[in-house]
1. With point charges of +1 on the Cβ of Lys and Arg and -1 on the Cβ of Asp and Glu, referenced to the Cα centre of the stretch 29-297, which listed residue (L207, I184, Q267) lies farthest in the positive direction of the dipole?
2. Hey, got the dipole for the stretch 29-297? About the Cα centre, +1 on K and R Cβ, -1 on D and E Cβ, debye to the nearest 20?
3. Using DSSP to call loops (not H, G, I, E or B), can you name the trypsin sites (Lys or Arg not before Pro) in the stretch 136-235 whose Cβ has at most 15 other Cβ atoms within 10 angstrom?
4. Rounded if a/c is under 1.5, else prolate if a/b beats b/c, else oblate: with a ≥ b ≥ c from the C-alpha gyration tensor eigenvalues square-rooted, which is the stretch 88-167?
5. Just check the stretch 40-113 against the gyration tensor rule for me: Cα atoms, a ≥ b ≥ c as the square roots of the eigenvalues, rounded for a/c under 1.5, and otherwise prolate or oblate depending on whether a/b exceeds b/c.
6. How long is the gain from Q158 to L229 if the chain were fully straight, where each residue apart is worth 0.36 nm and the alpha carbon distance is subtracted?
7. Based on Cβ point charges of +1 for Lys and Arg and -1 for Asp and Glu, what charge dipole magnitude is obtained for the stretch 190-294 about its Cα centre, in debye rounded to the nearest 20?
8. Between S264 and D190, with labels modelled 7 Å along Cα→Cβ, what's the label distance in nm to one decimal, could you check?
Amino acid sequence: MPSETLWEIAKAEVEKRGINGSEGDGAEIAQKSVFFIGSKNGGKTTIILRCLDRDEPPKPTLALEYTYGRRAKGHNTPKDIAHFWELGGGTSLLDLISIPIISDTLRTFSLVLVLDLSKPNDLWPTMENLLQATKSHVDKVLMKLGKTNPKAVSEMRQKIWNNMQKDHPQDRELIDPFPVPLVIIGSKYDIFQDFESEKRKVICKTLRFVAHYYGASLMFTSKSEALLLKIRGVINQLAFGIDKSKSICVDQNKPLFITAGLDSFGQIGSPPVPENDIGKLHAHSPMELWKKVYEKLFPPKSINTLKDIKDPARDPQYAESEVDEMRIQKDQELEQYKRSSSKSWKQIELDS
């Protein structure tokens with residue numbers, strides 16, 4: 001018998017606690033899934049805890065973590081359920097993306113990408129790797145779902161396009177909406193706001209372009225209670241269908257807050273680089289052009305330093321002194337065994 005997936009285990013746990021199905025007057029309970037990905041130590045856990053009103057210190061996320069929240073539609077009504085998934089390790093655990101994204105959950109699925117604004121050199125590669133990996137898997141699931149339920153896939157795509165700005169029809173020909181609702185959150189704004197004006201301008205315009213291109217919402221946050229409350233409202237909209245905010249702030253001297261569909265390429269403008277230099281960048285698409293402009297000011301770290309640790313057991317953020325000491329001892333015993341085994345085989349070869 002095949003082993004259960006993490007999703008199946010989580011679902012069974014929810015059912016065991018008696019919060020799946022229907023309550024009260026037998027009304028159906030809505031269930032949605034929100035998947036948090038993003039920069040390592042970027043603040044994903046803090047945002048989730050704030051949205052769930054949990055007053056507890058955030059802990060490092062080990063691989064893939066799951067929790068849930070409940071919210072009633074009104075007085076004496078069933079509570080809807082939101083499933084929260086969080087991918088740890090930045091870009092080092094991309095294989096785990098496939099666990100929460102399945103055909104059963106895709107129609108009520110949303111993605112939240114949290115990017116650390118205080119580390120601009122890591123921002124583009126983190127964003128690019130995570131979005132490409134997630135989009136690739138979502139497309140595969142959509143293709144599979146389309147074979148059994150093409151109407152559902154068509155409705156999903158139409159819903160995404162309905163969020164796009166109708167006042168700028170030319171933009172619709174240039175954008176490529178993400179297949180599921182996407183929110184991009186720039187964290188650690190308190191550090192970012194002290195950057196030089198030109199650096200802030202490049203980061204803000206670049207993220208606005210990427211968000212608009214993918215049909216995503218974009219907003220900045222920090223430890224500020226006011227900003228966290230605004231982010232909480234956005235996440236609640238994804239998780240429980242709370243009314244979407246229509247407010248907008250595109251001032252680079254303030255925390256950005258742009259709901260999907262309210263921006264435009266005309267308002268964003270061209271990449272912040274002298275016109276004489278644009279032709280020298282040899283880009284094949286607008287996205288590649290913005291990438292080259294961004295990396296000119298914020299070159300990504302070398303492959304060796306950018307590459308995340310693949311083995312969580314050797315990741316400093318998961319250090320446990322007693323376990324690590326035992327691990328070292330076992331590693332030494334293994335090496336000693338290998339050496340003794342090698343000597344034994346050599347002796348056998350000499351004897352023969």
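The values are calculated or read from the model by the stated rules, or taken from the named source; none is laboratory data. Quantities reported herein were computed from a predicted structural model and do not represent experimental measurements. Quick reminder, even Gly has a Cβ in these numbers, built from the backbone with ideal geometry, and neighbours come from all protein chains shown. Only protein heavy atoms, including side chains, enter the accessible area calculation; ligands, DNA and RNA are left aside. Shrake-Rupley method; radii C 1.70, N 1.55, O 1.52, S 1.80 Å.
1. My answer, from the dipole projection, is I184.
2. On the way: 37 positive and 29 negative charges, 137 e Å.
It comes to approximately 660 debye.
3. Numbers: sites: K140, K144, K147, K151, R157, K159, K166, R172, K188, K199, R200, K201, K205, R208, K223, K230, R232; in loops: K166, K188, K223.
Within the stretch 136-235, the qualifying trypsin sites (Lys or Arg not before Pro) (loop, at most 15 other Cβ atoms within 10 Å) are K166, K223.
4. Since a/c reaches 1.5 but b/c is at least a/b, the shape of the stretch 88-167 is classed as oblate.
5. Numbers: a/c = 2.93, a/b = 1.34, b/c = 2.19.
Note, shape of the stretch 40-113 comes out oblate.
6. Values: separation 71, 0.36 × 71 = 25.56 nm, distance 2.99 nm.
Contour length minus the Cα-Cα distance gives 22.6 nm.
7. Details: 14 positive and 11 negative charges, 36 e Å.
The calculation lands at about 180 debye.
8. Between S264 and D190, the label points sit 3.7 nm apart.
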